[in-house]
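First the structure, which I've put down as structure tokens, then a few questions once you've had a look.
The values are calculated or read from the model by the stated rules, or taken from the named source; none is laboratory data. If you're wondering where the values come from, they're calculated on a predicted model, not measured in any experiment. Methodologically, a virtual Cβ is constructed for each residue, glycine included, from the backbone with ideal geometry; neighbour enumeration extends over all protein chains shown. Areas reflect the complete protein model, heavy atoms only, side chains present, ligands, DNA and RNA absent. Shrake-Rupley method; radii C 1.70, N 1.55, O 1.52, S 1.80 Å.
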Amino acid sequence: YPEWAELLHVSEEAAYSESWPLYLAMDFGATDASPFVCLVCQAVGNVLHVCDEIVVRGRPTVECAAHLLEHWRQAKYPRGRTARTVGDIAARDARLTLQRELAGLGILGGPVQCRRQTVDAGVEMVRLLLRNGQLLVHPQCRMTREEFSSYTWRSGTVEGAASRGVVKAFDHAMDALAYFAASRPNA
């Protein structure tokens, strides 16, 4: 993301506000080593705010749900104010487990929604938001900030064919952000 600039895109203005609904964007780790990431976001006019992030490493989905619930309590986020939760279409079992564990608690705002999209399309949506000054990240979102700086495209070739796409490391917050960007209000 060459458009990413800490001085432009990291701001206390991205702090949670009771004036706006919440959106959750999740990426579920595929292995014990890869983390579950949940971004707490808001759409303030046409600017997307990443207010908070929850990162759980090396735990089953049931424990990730418990951690999310505890974080929700500690942050004093209101229940019943989540407009939508979006996540990875490939993580069906994790989505269903999370939904079951948090059902009726007013955190998810309904089933975790997902839609098929290419990585390229998600990256391009986030790049457009950055270029237009329509994305702010709260300073406390350490993983999101680190991933913006380390998210890279593969280069070279693989067995004679051009290699396209992102390096599948340090990409969990970026994937969650792309899901949110694709499902954002007024998109």
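Whole-Hz Karplus ³J(HN,Hα) for segment 76-91, in order, using 6.51 cos²θ - 1.76 cosθ + 1.60 and θ = phi - 60°, x for Gly and Pro?
Listing the rounded values in order: 6, 6, x, 8, x, 10, 7, 6, 6, 10, 10, x, 6, 5, 7, 9 Hz.
Also, I was wondering about something else. Enumerate the calculated ³J(HN,Hα) couplings along segment 125-141 in order (Karplus 6.51 cos²θ - 1.76 cosθ + 1.60, θ = phi - 60°), each rounded to whole Hz, writing x wherever the residue is Gly or Pro.
5, 5, 4, 4, 4, 5, 4, 8, x, 10, 9, 10, 10, 5, x, 6, 7
What is the spin-label model distance, in nm, from A15 to D93 if the labels are put 7 Å beyond Cα along the C-beta direction?
Simple spin-label model gives 4.2 nm for this pair.
Would you calculate the convex hull of the Cα atoms in segment 67-143 and tell me its volume per residue in Å³?
Value for segment 67-143: 131 Å³ per residue.
Can you tell me the Rg and the Dmax, both Å, for the Cα atoms in segment 1-109?
14.3, 41
Here's a follow-up. Round to a whole angstrom and tell me the spacing of the C-alpha centers of segment 11-25 and segment 39-94.
12
Amide H of D52: which non-local residues (sequence gap of 5 or more, or other chain) have their own amide H closer than 5 Å, using H built in the peptide plane?
Long-range HN contacts for D52: V40.
Using a 1.4 angstrom probe, figure out how much accessible area segment 1-156 has per residue, in square angstrom, rounded to the nearest whole.
51
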